[in-house]
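Structure first, then comments.
What follows is calculated from the coordinates using simple rules that are stated; it is not laboratory data. Note that the structure is predicted; figures quoted are calculated from it, not measured. Cβ coordinates were reconstructed from backbone atoms using ideal geometry, including for glycine residues, and neighbour counts include every protein chain displayed.
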Amino acid sequence: MWKNKRTILGVGIAILLLALIRTFETELFYDPFLDFFKGTFQNAVLPSYDTGNLLGSLSLRYGLNTILSLIIIYLFFKDRGLVWFSGILFLFFYVGLLTAFIVLLKSSDKPDYMTLFYIRRFLIQPLLLILFLPAFYYQKKKS
């Protein structure tokens, strides 16, 4: 019984940490696109940004979200192989999404803002966790 309570507590703490990352995103991370995408941005000009700081900040945030996501996946399934597989998927998506973000950002003065918005969202939000948990649960239940 206590083991289950510890799992629930661990998942709760990890989710709380994910929420704190989101709550304090403006203080913790450099991201000039936060305000840009909050407003009407379809006809706006991209804000000025420091590419190195932006990529470092996106990478740090993705890394923190990934670590917490892997902890949650482990606590849910208690399967190190699944955590290893998830880590590879997170790395694969990181490389692909960051590459697409950079190419889109640097390819023109007015890139497709909606595509840029959604790629950036996958980099800064733990959306992959939301996708992976039900998929892994379904797979475990089916096998």
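What to note about this one:
- Residues of type aspartates and glutamates that LYS106 reaches as a straight line, Cα spacing below 14 Å, ignoring anything fewer than 8 places off in the same chain: ASP50
- Environment charge of PHE24, counting only residues whose C-beta is closer than 13 Å and scoring Lys/Arg +1, Asp/Glu -1: -1
- Global geometry of segment 68-116, whether rounded, prolate or oblate, following the gyration tensor of its Cα atoms and the 1.5 cut on a/c: prolate
- Computed from Cα atoms, the angle from the helix 127-142 axis to the main principal axis of the chain rounds to 30 degrees.
- Surrounding net charge for PHE41, when Lys and Arg each add one and Asp and Glu each subtract one, Cβ distance under 12 Å: +1
- Exposure proxy ranking, count of Cβ atoms within 10 Å, fewest first, for SER48, SER59: SER48, SER59
- Going from the residue with the fewest nearby Cβ atoms within 10 Å to the one with the most, PHE136, PHE24, PHE90 rank PHE24, PHE136, PHE90.
- Counting charges near LEU116 (Lys, Arg +1; Asp, Glu -1) among other residues having Cβ under 15 Å from its Cβ returns a value of +1.
- As a calculated quantity, the FRET efficiency between LEU131 and THR23 at R0 = 22 Å, using C-beta atoms, amounts to about 0.45.
- Farthest toward the positive end of the dipole of the chain, out of LEU70, PRO47, PHE36, is the Cα of LEU70, where the dipole comes from beta carbon charges about the Cα centre.
- Cα-based shape type of segment 11-56, given that a ≥ b ≥ c are square roots of the gyration tensor eigenvalues and the cut on a/c is 1.5: oblate
- Between segment 75-122 and segment 5-37, the alpha-carbon center distance in angstrom: 17 Å
- Cα gyration tensor, segment 24-103 - rounded (a/c under 1.5), prolate or oblate: prolate
- Degrees between helix 51-77 axis and first principal axis of the chain (Cα, 0 to 90, nearest 10): 20 degrees
- The chain: angle of helix 113-124 to the longest principal axis, Cα-based, in degrees nearest 10: 40 degrees
- Straight-distance candidates among the lysines for linking to LYS142, with alpha-carbon spacing under 29 Å and chain neighbours fewer than 8 residues away dropped: LYS3, LYS5, LYS78.
- Charged-residue dipole, Cβ positions (Lys, Arg, Asp, Glu), segment 38-143 about Cα centre, Debye nearest 20: 420 debye
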